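Visitor: Encoded as structure tokens, here's the structure I'll be asking about.
The values are calculated or read from the model by the stated rules, or taken from the named source; none is laboratory data. Computed from a prediction, not measured in an experiment: that's the story for all the values here. Because the Cβ atoms are built from the backbone with ideal geometry, glycine has one as well, and the counts that use them run over all protein chains shown. Please note that ligands, DNA and RNA were not included when accessible areas were found on the heavy atoms of the full protein model with its side chains. Shrake-Rupley method; radii C 1.70, N 1.55, O 1.52, S 1.80 Å.
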Amino acid sequence: MPDRKFRIVICRGPDCGDRRGSEALGAVFQKAVDDHGVAATTEIAWQSCFGRCTQGPNVLVRELLPPDGKPTLGTGFATLPGPRGTTALYNAIDESRARVIVTEHVVNGRVARELIDPPGAGGFRLVPVASRKSEP
Ligand code: FES
């Protein structure tokens, strides 16, 4: 897909970054982008918070189109059609999932729907210490 360009935006807010180490994902995404030879058409950026903290680390992949480009159609939940092309917010991202995102979304142009959780579901959940059950 030589004509398609993407921006990968990694959440580095307090839950994703401080608690779940999302800062390390930048290097993982960069390596995957380099390995696939799409560095010239893929930007990696940071976001302070996507408002989906309990499901983090979260990563937004947005297709970038030229001003006269035609948008691609959305493919369902958590994907947005529009002037920026196909966009998806992925949840609970680790190294393995990061590689799948680059392979499927950036290289193959397919939203990796299996890595998208509905709001309030899935992802890593923080359990307050006071609500944890003690060991028997
Ligand atoms: S800190 Fe990542 S979504 Fe809020």
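Visitor: Scan region 117-130 and tell me whether some residue there is modelled with pLDDT under 90, open to solvent by 30 Å² or more (accessible area, probe 1.4 Å) and basic (Lys, Arg).
Guide: There is at least one residue in region 117-130 that is modelled with pLDDT under 90, open to solvent by 30 Å² or more (accessible area, probe 1.4 Å) and basic (Lys, Arg).
Visitor: Can you name every residue in region 38-65 that is free of Cβ contacts under 8 Å to residues at least 12 places away in the same chain, open to solvent by less than 70 Å² (accessible area, probe 1.4 Å) and away from the ligand (no atom under 16 Å from the Cβ)?
Guide: Scanning region 38-65 gives a single hit, 39.
Visitor: Return yes or no: is residue 14 of a type outside the set (A, V, I, L, M) and over 19 Å from residue 111 (Cβ atoms)?
Guide: When the stated conditions are applied, residue 14 passes them.
Visitor: In addition: Across region 2-37, which residue is modelled with the highest pLDDT among those that are away from the ligand (no atom under 16 Å from the Cβ), in a loop (DSSP other than H, G, I, E, B) and open to solvent by less than 80 Å² (accessible area, probe 1.4 Å)?
Guide: 37
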